[in-house]
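Structure first, commentary second.
The values are calculated or read from the model by the stated rules, or taken from the named source; none is laboratory data. The structure displayed is predicted, hence computed values, not measured ones. Cβ: placed from backbone, ideal geometry, glycine included. Neighbour counts: every protein chain shown. Heavy atoms of the whole protein, side chains included, go into the accessibility calculation; ligands, DNA and RNA do not. Shrake-Rupley method; radii C 1.70, N 1.55, O 1.52, S 1.80 Å.
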Amino acid sequence: MGSWLEGPPQLNTQQWPGQRLGRPERGPGSIARFPRRVGAIIIDWALAMLVSWWLFDSAALATLLLFCLGQIITVGFTGHSIGHRALGMQVQSMDGTAIKPLTGLVRSVLLCLVIPALIADADQRGLHDRAGGSVLVSIR
């Protein structure tokens, strides 16, 4: 038992994101870092905008729905979107196996709400990943 004299408890003693999850610091299986995550979402959003522009004359709601549908299908069945794949990332369950389609659905819908993706823990897992029990990792 600690004392108030010892000061506040150390909440985050890990040296890199994913250490407490048993993930390596770098390389395959490590937590995908923020710049690559942003790059992947920009790629996926740009593709959704192109398809929306081609099919619906660039309606904002159509872009969001196409983005969400693309995330549900690609992440739910392959573990990565086109942007993830292009930048060497994959969504995995916490034990390192492929996620289930239902997890991909939950994760994708929460991602489209934006706020859950912005609230992250020390392992850089947003609420959308924590709700589905998933983690975005580097595969190269």
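Being in a helix (DSSP H, G or I) and touching a residue at least 40 places away in the same chain (Cβ under 8 Å) is the filter; apply it to the stretch 96-125 and report the residue that is nearest to residue 63 (Cα to Cα).
Of everything passing the filter in the stretch 96-125, 112 is nearest to residue 63 (Cα to Cα).
For the subset of the stretch 60-95 comprising residues that are of a type in the set (Ser, Thr, Tyr), assigned to a helix (DSSP H, G or I) and within 30 Å of residue 18 (Cβ to Cβ), which member is most open to solvent (accessible area, probe 1.4 Å)?
Filtering first and then ranking leaves 78.
Restricting attention to the stretch 27-59, report how many residues are part of a loop (DSSP other than H, G, I, E, B), in contact (Cβ under 8 Å) with a residue 12 or more places away in the chain and open to solvent by 30 Å² or more (accessible area, probe 1.4 Å).
Going through the stretch 27-59 one residue at a time, the tally reaches 2.
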